[in-house]
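A quick write-up on the structure given underneath.
The values are calculated or read from the model by the stated rules, or taken from the named source; none is laboratory data. Keep in mind that what you see is a predicted model, and the values were worked out from it rather than measured. Ideal geometry is used to build each Cβ from the backbone, glycine not excepted, and the neighbour counts take in all protein chains shown.
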């Protein structure tokens with residue numbers, strides 16, 4: 001790990017020290033990648049772990065967390081869903097990279113890097129990733145979930161790992177029933 005150079009500003013050093021101390025005090029599992037780069041592992045319920053990168057640069061703290069690979073389908077529906085969530089978020093927003101993988105990203109000025117703000121940022125990342133993960137998967141991977149469910153049922157396999165998508169599976173089953181032609185009981 002490289003150490004801060006002689007030209008690194010005191011503001012950057014102070015922000016990095018605040019982040020490291022706060023993560024330790026919060027008892028968050030984290031890795032110090034470099035003097036100005038930390039990765040905090042945030043435990044969730046729906047998304048079991050979200051790794052949140054905290055990088056300090058000369059003017060701000062940049063926060064980013066990978067949430068989901070690019071969707072297989074319904075991209076526009078997923079982008080619309082995420083953009084409507086951005087309006088309600090505090091300093092964190094949904095974004096995509098050049099591969100269209102989905103991230104949560106945000107920035108804070110260095111002067112705002114306090115233990116309270118770090119706690120608020122991490123809480124926001126965790127809540128946004130965890131609360132929206134299943135709906136995002138349902139939108140972007142509906143066909144894959146349907147195939148997996150049908151495959152498991154046809155072989156008598158457990159569908160326990162699909163419990164988070166119970167609403168989608170119920171809708172899928174209802175749509176299949178409605179699509180079947182009515183039979184006369186003769």
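Computed values, structure above
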item	result
Lone qualifier among 41, 34, 6 - being modelled with pLDDT of 95 or more, more than 14 Å from residue 103 (Cβ to Cβ) and either exposed (fewer than 12 other Cβ atoms within 10 Å of the Cβ) or under 17 Å from the mean Cα position of the chain (by Cα) (or both)	41
Criterion: closer than 14 Å to residue 127 by Cβ and either touching a strand residue (DSSP E or B) at 6+ places or on another chain (Cβ under 9 Å) or not assigned by TED's automatic domain parsing to the domain that holds residue 119 (or both) - qualifying residue of 45, 63, 56	63
Residue 143 being surrounded by fewer than 15 Cβ atoms within 10 Å (Cβ to Cβ) and touching a residue at least 60 places away in the same chain (Cβ under 8 Å)	yes
Inter-residue pairs, beta-carbon under 8 Å, first under 11 Å from residue 52 (Cα atoms) and in the range 12-40, second part of a loop (DSSP other than H, G, I, E, B), 6+ apart	40/28
Hits in the range 146-177 (condition: under 30 Å from residue 41 (Cα atoms) and either exposed (fewer than 13 other Cβ atoms within 10 Å of the Cβ) or assigned by TED's automatic domain parsing to the domain that holds residue 102 (or both))	158, 160, 161, 163, 166, 167
